[in-house]
1. Condition first: of a type in the set (S, T, Y) and not in a helix (DSSP H, G or I). Now tell me which residues in the stretch 10-28 satisfy that.
2. Taking the conditions exactly as written (under 21 Å from E182 (Cβ atoms), acidic (D, E) and either surrounded by fewer than 17 Cβ atoms within 10 Å (Cβ to Cβ) or out of contact with any His (no Cβ under 8 Å at 6 or more places or on another chain) (or both)), does E41 satisfy them or not?
3. Let me spell it out: the conditions are (1) modelled with pLDDT of 95 or more; (2) away from the ligand (no atom under 16 Å from the Cβ), and A20 meets all of them except one. Which number is the exception?
4. Could you grab the pairs with beta carbons closer than 8 Å, sequence gap of 6+ or different chains, first residue in the stretch 9-21 and touching a residue at least 12 places away in the same chain (Cβ under 8 Å) and farther than 18 Å from P90 by Cα, second one in a helix (DSSP H, G or I) and among the polar types (S, T, N, Q)?
5. Go through (1) modelled with pLDDT of 95 or more; (2) touching a helix residue (DSSP H, G or I) at 6+ places or on another chain (Cβ under 6 Å) for M1 and report which single condition fails.
6. State which residue pairs qualify: first residue aromatic (F, W, Y) and inside the stretch 155-184, second residue more than 13 Å from the ligand (Cβ to nearest atom) and modelled with pLDDT under 90 in any location, beta carbons under 7 Å apart, and separation of 6 or more residues or different chains.
7. Which number in (1) among the aliphatic types (A, V, I, L, M); (2) within 23 Å of P125 (Cβ to Cβ); (3) within 16 Å of the ligand (Cβ to nearest atom); (4) at pLDDT 95 or above marks the one condition that I15 misses?
Amino acid sequence: MTKGKRVLLGVTGSIAAFKAAALTSALVKEGNQVKVVMTKEAAYFVTPLTFQTLSGNPVYREMFNSPENPINQTSPSGQEMEHISLADWPDIILVCPATAHIISRVAAGLADDLLSAIILTTRKPVIFVPAMNSGMWQNKILQKKTAELKRAGYRFIGPAKGWLACGEEGEGRMVEVEKILEEI
Ligand SMILES: Cc1cc2nc3c(=O)[nH]c(=O)nc-3n(C[C@H](O)[C@H](O)[C@H](O)COP(=O)(O)O)c2cc1C
């Protein structure tokens, strides 16, 4: 298990996002520093307050400030270039859970939100922990994108086979937190 490292945890909009809270807690318990970046959709599943409390750090969610979105509400550090500073900060970036959407965005080289911009910018190792319906995971285009990312040096943990939140049994289930901790 990783100890004493700086872990940037990217949380995306999957029903498995609640498991990222247990992961945050376990990483902190082992003496790692954890900073969480959430996509807009992730906040439908788990509140930023949960990750803020468990990590002991502000949660990062937005790339831009605007009159409707003042920087002191969206940028905890007050910096305008967090996609750069947060890309440099960690020893490792863990995207957990990773949706089909974030995998495809990264494979396409997109940088249209804070998390995808950080992933595109960073020179640090990036690990995806996919979680999704088996139809999504087995989709040929997503499989092609995943293979491209693996070839480019991105790592994947899972997904596992098992019971899925949509009520199906199949491949796409997020690997359990204990296994993720072993693998990283
Ligand atoms: C209840 C619910 C559960 C979802 N679970 C997943 C999931 O487990 N995996 C996934 O890839 N998408 C899932 N989605 C769809 C994503 O939330 C959607 O594709 C979203 O745009 C992902 O955005 P993000 O990757 O930027 O967080 C779910 C949507 C809903 C409404």
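The values are calculated or read from the model by the stated rules, or taken from the named source; none is laboratory data. This is a predicted model, so every value here is computed, not measured. For neighbour counting, all protein chains shown are included, and Cβ atoms are generated from backbone atoms with ideal geometry for every residue, glycine included.
1. T12, S14
2. Answer is no for this residue.
3. So the condition that A20 fails would be (2).
4. Short answer, once both residue conditions are applied: A21/T50.
5. (1)
6. Filtered contacts from the stretch 155-184: W163/E169.
7. In the conditions (1) among the aliphatic types (A, V, I, L, M); (2) within 23 Å of P125 (Cβ to Cβ); (3) within 16 Å of the ligand (Cβ to nearest atom); (4) at pLDDT 95 or above, I15 misses (2) alone.
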